[in-house]
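Accompanying notes for the structure given below.
Each reported figure results from applying straightforward, stated rules to the coordinates on display, with no laboratory input. Just so you know, these numbers come straight off a predicted model, no measurement behind them. Glycine gets a Cβ as well: all are built from the backbone with ideal geometry, and neighbour counts include every protein chain shown.
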Amino acid sequence: MTGQTTLTGGCLCSAVRYEATGTPGLTLICHCRMCQRASGGPFMGVLFLPSEAVRATEGEPLIYRSSPTSNRHFCGRCGSQLFFERHTRALMGLTVGSLDKPDGFKPQMHLCVESAMAWLDIRDDAPRHAKKPEGMTPPVEYDPLTGRTRPPEPHETRPER
Ligand SMILES: [Zn+2]
Ligand SMILES: [Zn+2]
């Protein structure tokens, strides 16, 4: 997946479909607890493009602000995770599993392997980072499991919907 290309994908129930035209950037597998929770899987793969390159062609995903630096877009009907957005960097990460043709995906790095599943045997030779590399996200302190900022802001009494 290099050069200008058009990628299409959608959720499990097809209520949300998307198209992305641009030059795919960073691809990664994230093993953090938040991606595990959000995906319901052992890790999550994402392929980043500039946010403006991505548009919904059918339906609109719902957005959950999972941390101060990221939004997770998902289908409100079937719950599929579609995009991992770093809005502070204007980057949209397409989830690998939502792509119509996921086979072209090859991770350029593994993130947060400190919380990778103990049984997981990573065989590729992409670099592995125990945490997120410095500078990938702005230096905001937040809980690695819940994404809440620390200390909790006084008005935060219940999870965001
Ligand atoms: Zn759906
Ligand atoms: Zn993650």
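A few remarks follow.
- Against the conditions (1) away from ligand 2 (no atom under 16 Å from the Cβ); (2) among the hydrophobic types (A, V, I, L, M, F, W, C); (3) touching a Ser or Thr at 6+ places or on another chain (Cβ under 6 Å), LEU62 satisfies every one except (3).
- When we screen ARG33, ARG77 for residues that are away from ligand 2 (no atom under 13 Å from the Cβ), surrounded by 14 or more Cβ atoms within 10 Å (Cβ to Cβ) and more than 13 Å from THR95 (Cβ to Cβ), the only hit is ARG77.
- Of everything in the stretch 97-110 that is in contact with a Phe, Trp or Tyr (Cβ under 9 Å, 6 or more places away or on another chain) and under 14 Å from LEU12 (Cβ atoms), the residue that is surrounded by the most Cβ atoms within 10 Å (Cβ to Cβ) is SER98.
- Unmet requirement for TRP119, which otherwise passes all of (1) within 16 Å of ligand 2 (Cβ to nearest atom); (2) of a type in the set (Phe, Trp, Tyr); (3) more than 12 Å from the chain's Cα centre (by Cα): (1)
- Top-ranked residue in the stretch 80-91 [being within 16 Å of ligand 1 (Cβ to nearest atom) and closer than 15 Å to LEU47 by Cβ; ranked as surrounded by the fewest Cβ atoms within 10 Å (Cβ to Cβ)]: GLN81
- Residue within the stretch 42-65 that is away from ligand 1 (no atom under 16 Å from the Cβ), in contact with a strand residue (DSSP E or B) (Cβ under 7 Å, 6 or more places away or on another chain), among the hydrophobic types (A, V, I, L, M, F, W, C) and on the phi > 0 side of the Ramachandran plot present: no
- Within the set GLY3, GLY41, GLY25, the sole residue that is within 12 Å of ligand 2 (Cβ to nearest atom) and in a loop (DSSP other than H, G, I, E, B) turns out to be GLY41.
- Comparison of PHE43, PHE74 shows that the only residue that is of a type in the set (Phe, Trp, Tyr) and farther than 18 Å from GLY10 by Cα is PHE43.
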